[in-house]
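Here's the structure we're looking at; comments come further down.
Nothing in this text is a laboratory measurement; each read-out follows from the coordinates by a stated rule. The structure presented is a predicted model; accordingly, all values stated were derived computationally and were not measured. Positions of Cβ are generated from backbone atoms using ideal geometry, with glycine treated the same way; all protein chains shown enter the neighbour counts.
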Amino acid sequence: MKMAADKAKELAVKIHAALKAKHGEISKMDLEKGKSSDVNCKYSPKEALADIEGCLIKLSEKSGIEEVKWAPETKGDDKMMMGGEMMDMMMMEGEKMDDMMMEGGEDMMMMEGMAAAADAGAAAMAFFDEEKFGSSEGPELLPKLLLECLVLYPYVGDLVRS
């Protein structure tokens, strides 16, 4: 699955531009009020945006092509909870969860949604074993990197198939 470096660069630049355009389009949507069917009748705007950003980051980090370097913009209140913050919330003690349910349950429902999203990500990672798949770094392995992105980021996979 190797590709000539010049052809890989040409393809990566086109893919990068298309993903950035889609990122800009979805970024304009209301991420907080978006329903799970607002994007392609299947994804919430947050899910679609997270998949695009994940793909852009992976393409930037692994392709070895300078023209596709990308880093997400961070906005104060719009930051999604990542890593430790998410784990801290998921590991709250039973008392705190009970208190949250007593206060109307909205926070609890949000936590359950985040836990479901984490489970879905874990399922994708369980399906895709990066060690067995092998390295996908460098421009000559761009086809392998793109396949990896299609598996790990379902919205991007759906974009390619449509």
(message) Going by amide H atoms built from the backbone, whose H comes under 5 Å of the H on Tyr43, apart from near neighbours?
(response) Asp38
(message) Under 5 Å between amide hydrogens, which residues at least 5 positions from Gly64 or on another chain qualify, with H placed 1.01 Å from N in the peptide plane?
(response) Gly138
(request) With θ set to phi - 60°, apply the Karplus curve 6.51 cos²θ - 1.76 cosθ + 1.60 along the range 19-31 and write out the HN-Hα couplings as whole Hz, x wherever there is a Gly or Pro. (result) 5, 5, 5, 5, 4, x, 5, 6, 4, 6, 6, 6, 5
(message) With the cut-off at 18 Å, tell me which of the pairs Lys9/Lys69; Lys14/Lys69; Lys2/Lys144; Lys20/Lys46; Lys20/Lys58; Lys7/Lys144 have Cα atoms farther apart than that.
(response) none
(request) Can you tell me which of 5-14, 47-56 comes out highest on packing, and rank the rest after it, using the mean Cβ neighbours within 10 Å? (result) 47-56, 5-14
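Quick check: net charge around Ala4, other residues with Cβ under 10 Å of its Cβ, Lys/Arg +1 and Asp/Glu -1? Walk me through the intermediate numbers first.
Numbers: positive: Lys2, Lys7, Lys9; negative: Asp6, Glu10, Glu140.
Neighbour charge sum, excluding Ala4 itself: 0.
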